[in-house]
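A short write-up of the structure that comes next.
The values are calculated or read from the model by the stated rules, or taken from the named source; none is laboratory data. On a predicted model such as this, the values are computed, not experimentally measured, just so you know. Cβ coordinates were reconstructed from backbone atoms using ideal geometry, including for glycine residues, and neighbour counts include every protein chain displayed. Ligands, DNA and RNA are excluded from the accessible area calculation, which covers all protein heavy atoms including side chains. Shrake-Rupley method; radii C 1.70, N 1.55, O 1.52, S 1.80 Å.
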Amino acid sequence: MKNLNMPVKRDFGWELKSLESTKFGIHQKDNGQFCVVLNHSLLRGITSEMIYWWFLNFPNLLVNLVDIEGYEGRKVPAYLLWHPSDHHSASLSGNLGPENTSKAGAYIQINEAMQYLKYGWKYPVNNKLRIFYCEKDGWAMGKEIPFIGKVMSLRIHYKDIYSNGEIIGVHYHYEIVIGAGGNNPISRFINKLIKSHFSPEFFEAWHTHNVVEVGAFENFLPALYEQRNSSNEIRYSKTMNCASSLQSSTEAYDPNLFEQRMQGYEKAQNAHAYQGYKTKAFL
């Protein structure tokens, strides 16, 4: 990872979300597993259909950054729009969906660094993960080891929120479980190895990274989604910032859900099973 050259920072002119807009917690179980819960603020001007379209397409999507300094008129991976400094690249492989889109059973390779401008490559992500779930209500990915089961699972769930019959935003909720289940010597050994990379400090840096990443949906996603069926190349300029009129001061949408899920992980015998990427009930 340290040999990769991170693309130059993109100055999109956005007002980025702060940590105070979320509820975030880490629970480390006795067997060494990490359980992470992040409840975001309501994503305004966004629909779940937009987010679903993004997850289907973003690894292969290109966008012309019309007036972004250092990128003027260049066609670059849309992944660089999702964070102004931490993203390097993303790609799909395996059994893909129509037009090479994401699909459960396919693999996604992600290269990025948590808070790159502050830490450089201290907290890198260089993972090829299997996509477990890719539907209109959520996304999940992770790693499995034969005879051991899941050792990494990341679950995102989202749904439209209505007021007076109209969508006012999307509730976006993120959970991660790192480490093998069970409390046996093999699981504890695997989790000890994993801990050398995925530490509480890593997840603190990830928290900031993810708040910026998810909050950025408000800035760029409606503009890209509007162009989804165009025969022309997809473009983005500072004039397309869809969040320029939105208040930047926000709060976590559902603190009660956050507390409920954190308590659930503390009590769960099997954190991966508790996460349950196909379970819709908790939203």
Looking only at region 203-240, which residues are surrounded by 17 or more Cβ atoms within 10 Å (Cβ to Cβ) and either over 19 Å from the mean Cα position of the chain (by Cα) or among the acidic types (Asp, Glu) (or both)?
Glu213, Glu218, Ala223, Ile234, Arg235, Tyr236, Met240
Of those in region 8-26 that are out of contact with any strand residue (DSSP E or B) (no Cβ under 6 Å at 6 or more places or on another chain) and within 16 Å of Trp206 (Cβ to Cβ), the residue least open to solvent (accessible area, probe 1.4 Å) is Lys17
Result of the Cβ filter at 9 Å on region 114-127, keeping first residues that are on the phi < 0 side of the Ramachandran plot and partners that are of a type in the set (Ser, Thr, Tyr) and open to solvent by less than 30 Å² (accessible area, probe 1.4 Å), at least 6 apart or interchain, is Met114/Tyr123; Tyr116/Ser85; Tyr116/Tyr123; Leu117/Ser85; Tyr123/Ser199
Quick check on this structure: which one of Ala268, Ala243 is buried (at least 17 other Cβ atoms within 10 Å of the Cβ) and out of contact with any Asp or Glu (no Cβ under 8 Å at 6 or more places or on another chain)?
Ala268
Report, by residue number, each residue of region 50-65 that is in contact with a Lys or Arg (Cβ under 7 Å, 6 or more places away or on another chain), of a type outside the set (Ser, Thr, Tyr) and surrounded by fewer than 20 Cβ atoms within 10 Å (Cβ to Cβ).
Trp53, Leu62, Asn64
Close pairs from region 18-36: first of a type in the set (Phe, Trp, Tyr), partner assigned to a loop (DSSP other than H, G, I, E, B), Cβ under 9 Å, at least 6 apart:
Phe34/Gly179; Phe34/Phe198; Phe34/Ser199
Filter result for Ile194 (at pLDDT below 95, farther than 29 Å from Ser249 by Cα, open to solvent by less than 50 Å² (accessible area, probe 1.4 Å) and of a type in the set (Val, Ile, Thr))
yes
